[in-house]
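Single-structure report; data block below.
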Amino acid sequence: MIYLDHAATSHPKPAAVVDAMVAFLRDVGASPGRSGHRLSAQAARLVFEARESVARLLGVSDSRRVVFTVNATMALNLALQGLLGPGDHVVSTSLEHNSVARPLARLKATRGVTETVVPADAAGVLDPQRVADALGPRTRLVVVTHASNVTGALQPVRAIKQAIGTVPLLVDAAQTAGAVPLDLERDGLDLVAFSGHKSLLGPQGVGGLALGPGLQLAPLVTGGTGSRSESEEHPTFLPDALEAGTPNTPGVVGLGAGAELLLARGVEATREAEVRRFQRFLDGLRGVPGLALQGPPDAASRVASASITLANRGPSEIAHLLDRRYGILVRAGLHCAPRAHRALGTFPTGTVRLSAGASTTDADLDAALAALAELTRP
């Protein structure tokens, strides 16, 4: 089996991640911050250490501003619903995932929020000036995906932030956290939503939101936190203000182990090796007859995802044949991003996405190229 669906979920998980989760479940198992006994204290320490690791990885100097959620979708909802009020204006893009588009649709219907959608260019890349030009007097937020989950195209988020000035910028880093160097404070970003189960190498069921200094959000959920239990008012200090209920502690521990691995390897070094490997793959794709590749032509301008179509077969058929005939696992369809496919002209059938990850080898990518070449033959 060759797994090329890392943009959905990385697989297999590193042994260190699995071992950390098993050790927690076997040896600790208690709820963090909910009791005074030693196991609860140990659980709280493990959550703190994971928060510290993720903060270092994302360039957040105060780890209390890293809030854990169940996934990137919840993190994006937390930011969007926590910032946007009645009559506010938001700027988004033609590349956004449904995790942004659907909450915004609801906010438009329920709070009267207005939205301007900025289109990307033919290569699927945003012009920072066009984003700035979309600002208005009631603009409360700009939201941009760091890399399209369809084409993998990287967006110039630092330049976008410089162009929009003091307007808060929310970056959807589901595809880039752990894969592309990202520094919230150095890059001047205000909010970064991340997924734990993709390039951060953690399990499903955990993600988070990193907040810039001084930024405050209304909580999405209120309830138990283990702090200020004498009051019916929800805590206002971070991270408790935005983390209600018992956390997915095994997931957070696994995420922390993944972050530690990435810190030890170095995201910059990992990214350089990935670009070299994936450029060879992109060059090979361009040599397949009848194959159309979406997005930028060079690997340095994208994450390790390639969205393709073949002239003689539909995306679902290609994915089915790659799985059943060649043992290559990919994703076909709209990838929960119909906006992007409309912009690319690949709606409603979508594309086939082949996405590499930490465990992908040159041999895996060569096998995929060979299989695609065979599928184009009459």
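The values are calculated or read from the model by the stated rules, or taken from the named source; none is laboratory data. The shown structure was predicted, so the numbers you read here are calculated from the model rather than taken from an experiment. Here Cβ is always computed from backbone atoms with ideal geometry, including for glycine, and neighbour counts include all displayed protein chains.
Taking the criterion of being surrounded by fewer than 23 Cβ atoms within 10 Å (Cβ to Cβ), in a helix (DSSP H, G or I) and small (Gly, Ala, Ser), the residues of the stretch 92-117 that qualify are Ala101, Ala105, Ala109.
Residues in the stretch 211-231 that are of a type in the set (A, V, I, L, M) and either in contact with a Ser or Thr (Cβ under 6 Å, 6 or more places away or on another chain) or closer than 26 Å to Ser40 by Cβ (or both): 2 in all. Of everything in the stretch 2-22 that's in contact (Cβ under 8 Å) with a residue 60 or more places away in the chain and in a helix (DSSP H, G or I), which residue is surrounded by the most Cβ atoms within 10 Å (Cβ to Cβ)? Checked the stretch 2-22; the qualifying residue surrounded by the most Cβ atoms within 10 Å (Cβ to Cβ) is Val17. Before we move on, is Leu321 over 24 Å from Pro181 (Cβ atoms), in contact with a Lys or Arg (Cβ under 8 Å, 6 or more places away or on another chain) and without any contact (Cβ under 8 Å) to a residue 60 or more places away in the chain? So Leu321 fits the description; yes.
Table: residues versus (1) surrounded by fewer than 22 Cβ atoms within 10 Å (Cβ to Cβ); (2) touching a Ser or Thr at 6+ places or on another chain (Cβ under 7 Å); (3) assigned to a strand (DSSP E or B); (4) not aromatic (Phe, Trp, Tyr).
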residue: Arg26; (1), (2), (3), (4): yes, no, no, yes
residue: Ser31; (1), (2), (3), (4): yes, yes, no, yes
residue: Ala43; (1), (2), (3), (4): no, yes, no, yes
residue: Phe48; (1), (2), (3), (4): yes, no, no, no
residue: Thr73; (1), (2), (3), (4): yes, yes, no, yes
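Taken together, the criteria exclude Ala193 from residues that are touching a Lys or Arg at 6+ places or on another chain (Cβ under 7 Å) and either β-branched (Val, Ile, Thr) or touching a residue at least 60 places away in the same chain (Cβ under 8 Å) (or both). The condition (being at pLDDT below 95, in a loop (DSSP other than H, G, I, E, B) and of a type in the set (Gly, Ala, Ser)) is satisfied by just one residue among Gly205, Gly245: Gly245. Restricting Thr236, Thr270, Thr176 to residues that are polar (S, T, N, Q) and not in a loop (DSSP other than H, G, I, E, B) narrows the list to Thr270.
Among the conditions (1) touching a strand residue (DSSP E or B) at 6+ places or on another chain (Cβ under 6 Å); (2) surrounded by 21 or more Cβ atoms within 10 Å (Cβ to Cβ); (3) part of a helix (DSSP H, G or I), Asp364 misses just one, which is (2). In the set (1) out of contact with any helix residue (DSSP H, G or I) (no Cβ under 7 Å at 6 or more places or on another chain); (2) in a loop (DSSP other than H, G, I, E, B), the condition left unmet by Ser227 is number (1).
Listed here are the residues, each with its yes/no results for (1) touching a helix residue (DSSP H, G or I) at 6+ places or on another chain (Cβ under 7 Å); (2) of a type in the set (S, T, N, Q).
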site	(1), (2)
His11	no, no
Arg34	yes, no
Gly59	no, no
Leu78	yes, no
Gly82	no, no
His89	no, no
Ser92	yes, yes
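Name the residue, out of Ala20, Ala50, Ala16, that is under 30 Å from Arg331 (Cβ atoms) and in contact with an Asp or Glu (Cβ under 8 Å, 6 or more places away or on another chain). One residue alone meets the criteria, Ala16.
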